[in-house]
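For reference, the structure discussed in these notes is given below.
Where a number appears in this text, it was derived from the coordinates with a stated rule and is not lab data. Treat the numbers as computed from the prediction; the structure is a model and nothing was measured. Neighbour counts run over all protein chains shown; Cβ positions are idealised from the backbone, glycine included.
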Amino acid sequence: SNDFCEAGALYGAAGCGISPPLSSAKLLIKGGTVVNAHHQEVADVYVQDGVIVTVRPNLKVGDDVQVLDATGKLVMPGGIDPHTHLAMEFMGTETIDDFFSGQAAALAGGTTMHIDFVIPVNGSLTAGIEAYERKAHKSCMDYGFHMAITKWDEDVSRDMEIMVKEKGINSFKFFLAYKGSLMISDELLLDGLKRCKSLGALAMVHAENGDAVFEGQNRMIELGITGPEGHALSRPPVLEAEATARAIRLASFVNTPLYVVHVMSIDAMEEIAKARKSGQKVVGEPVVSGLVLDDSKLWDPDFSIASKYVMSPPIRAPGHAKALQAALSTGILQLVGTDHCAFNSTQKAFGIDDFRKIPNGVNGIEERMHLVWDTMVETGQMSVTDYVRITSTECARIFNIYPRKGAILAGSDADIIIFNPNSSVGISARSHHSRTDTNVYEGRRGKGKVEVTIAGGRVVWINDELKVSPGSGKYVEMPPFNYLFSGVDKADDSYLASLNAPVKRSKSTRCRGEVD
Ligand code: URP
Ligand code: ZN
Ligand code: ZN
Ligand code: ZN
């Protein structure tokens, strides 16, 4: 169709081999090890009309069924990326991957759903969602939306309810950084946290102190440091830790769950660890760049290399990544995103004379599943079941779409990967499917390979070829009041009870001779 060719063209050079999905309503995945977050076993998986019908060993099916042999391979839920920015207008430009090219890249890397951030238009949520609904029209895989809150008034407060009750959004992101554009005040954060709580929506924060970042940037410019290294130097871990701690404490004060996006430093991670240890409901999301890269490339004399590593919070000094991996393997951090926010080298060059103008963001939507496997499972830090949990299941639970997503169970959507742990992959801008001309993971090799991706029951990636068509992806509505909210009412009750407790106000009574 016309739409298809158009998207194929948008898709760029790598789109030459693109073809429509293999249409088979019935599919049998035979003989693989089926891995869920709770359990793994050798079984066949039978799929019909986009849904998993049966998971059981030795299934017999008719000959109208397409059979995929998965012997010796792992059959896992497709990845869910909780953090992406496709077709986002940001820092004077727009991210290079749109909802088609970014999703095609995702599918080639074994991710079958992502949750993108709707950015309001001049603060308006309704204008924002309309714009993103249009952008997402060409989707070739399932997706959901978070929404950013960038200003506060009665319209925004009212529209948050509309987003939750009518639009299937159950999470709102507050930026404590990007002064002068997306950044909000503590006052707004408090209003937002209260509103999120009453709606059963999850509050998310980009945790860096934007005022201090501004100060740090001025400091670098005054010192004559204008290159990409100035980006890292201007916003050190202490500013991430401060904002993380502040958001955590305000969420505690309001008594509502909090999700900290892109945890990049030991300092921020330790704030999350402390809060969780005290019983607070805080979710920490590391991203692939933070788990596998370090900041050394920001000092590369070649601007085109250094600038591609600019993202916020910055990729940190060696040592942080290892600590974040350990935090992930021990449950201090719960799931992995990418913050896929790709710009090409022409866009990155906007900041050739001034690091403050380099569009912030790195790629990763295609690489996440492979790099997390290589970094966490191949190194012995994590089991295969835990891999499924952090790449898929926990995301589905947090955003309240489990077990429709994030599981290989009868009744779940047929979003499935066949993973060969004995194969390997190489990463390069020459072969990746994103539209960006660079890759922050250029030259890396990883053990393990996503050989087949099945999205909504369709084989969309096989034999290193994509078979996708625009419009085939579905919007996934996410209901409010996820499991993190289950204790909130009771905690409020005990808080109120503690304020009115006779023991507190009747000191005189007890002094009159009451016995404890
Ligand atoms: O540098 C980044 N992270 N760009 C995307 C916007 C954001 O802060 O998530
Ligand atoms: Zn952010
Ligand atoms: Zn982001
Ligand atoms: Zn007394």
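Less than 5 angstrom separates the built amide H of Val118 from those of His146, Met147, Ala148, all sequence-distant by 5 or more or on a different chain.
Were the residues from Val67 through Ile462 laid out at 0.36 nm apart, the gain over their Cα-Cα distance would be 140.9 nm.
Here the gap between Ala25 and Leu188, fully extended at 0.36 nm per residue and compared with their Cα-Cα distance, gives a gain of 53.8 nm.
Semi-axes of the equivalent ellipsoid for the chain, please: Cα gyration tensor eigenvalues, times 5, square-rooted, ordered largest first, whole Å.
Three semi-axes, in Å: 37, 30, 22.
So if each residue of separation counts as 0.36 nm, and I subtract the Cα-Cα distance between Phe481 and Thr379, what length gain in nm does that give?
Working it through step by step, the gained length comes to 33.1 nm.
Along the charge dipole of the chain, which of Ile162, Gly426, Ala201 sits closest to the positive end, that is, farthest toward it, with unit charges on the beta carbon of Lys, Arg, Asp and Glu (+1, +1, -1, -1)? Projecting each Cα onto the dipole axis, the largest value belongs to Ala201. Cα convex hull, region 284-389: 94 Å³ per residue, rounded to a whole number. Gly50: net charge of surrounding residues, Cβ under 13 Å, Lys/Arg +1, Asp/Glu -1, itself excluded? Combined, the nearby Lys, Arg, Asp and Glu give +1.
As a rough footprinting exposure proxy, the listed residues Tyr483, Tyr402 were ranked by other beta carbons within 10 Å of their own, and the order from fewest upward is Tyr483, Tyr402. What the Cβ-Cβ distance of Thr93 and Val51 gives, at R0 = 45 Å and to the nearest 0.05, is a FRET efficiency of 0.65.
If R0 is 51 Å, the Cβ-Cβ spacing of Ile221 and Glu133 corresponds to a FRET efficiency of close to 0.80. Here Lys26 is the anchor, and the aspartates and glutamates within straight C-alpha reach of less than 18 Å, apart from those fewer than 8 places off in the same chain, are Asp44, Asp49, Asp63, Asp64, Asp69, Asp413, Asp415. In this Cβ point-charge picture (+1 for Lys and Arg, -1 for Asp and Glu), the chain has a dipole of about 1300 debye about its Cα centre. FRET efficiency for the pair Asn500 and Lys165, taken as 1/(1 + (r/R0)^6) with r the Cβ-Cβ distance and R0 = 41 Å, rounds to 0.80. Here the contact order of region 368-460, divided by its residue count and restricted to Cα pairs under 8 Å and six or more residues apart, works out to 28 percent.
Between His83 and Ile115, Thr338, Asp339, the built amide H atoms are under 5 Å apart, and every one of these is 5 or more places off in sequence or on another chain.
A viscosity of 0.890 mPa s and a temperature of 25 °C, combined with the Kirkwood radius over C-alpha pairs in the Stokes-Einstein formula, give region 217-368 a diffusion coefficient of 154 µm²/s. The amide H of Val452, built 1.01 Å from its N in the peptide plane, has Ile418 as neighbours under 5 Å, considering only residues 5 or more places off or on other chains. Across the chain, the mean sequence separation of Cα contacts (distance under 8 Å, 6 or more residues apart), normalised by length, yields a relative contact order of 22 percent.
Looking only at Cα atoms, what is the convex hull volume of region 126-250 per residue, in Å³?
137
To the nearest 20 Debye, how big is the dipole of region 444-500 about its Cα centre, given +1 on the beta carbon of each Lys and Arg and -1 on that of each Asp and Glu? Here region 444-500 has a charge dipole of around 560 debye. The 3J(HN,Hα) values that the Karplus relation (6.51, -1.76, 1.60; θ = phi - 60°) gives for region 162-176 are, in residue order, 4, 4, 6, 7, 10, 10, x, 9, 10, 8, 10, 9, 10, 8, 8 Hz. Gly and Pro appear as x. Based on the Stokes-Einstein relation at 20 °C and a viscosity of 1.002 mPa s, and on the Kirkwood radius from alpha carbon pairs, region 258-308 is assigned a translational diffusion coefficient of 170 µm²/s. For the set Lys308/Lys357; Lys194/Lys490; Lys179/Lys322; Lys73/Lys447; Lys135/Lys167; Lys322/Lys405, the pairs lying more than 19 angstrom apart at their alpha carbons are Lys179/Lys322; Lys322/Lys405. Taking other C-beta atoms within 10 angstrom as a stand-in for reagent exposure, Ser185, Ser252, Ser289 fall in the order Ser185, Ser252, Ser289, fewest first.
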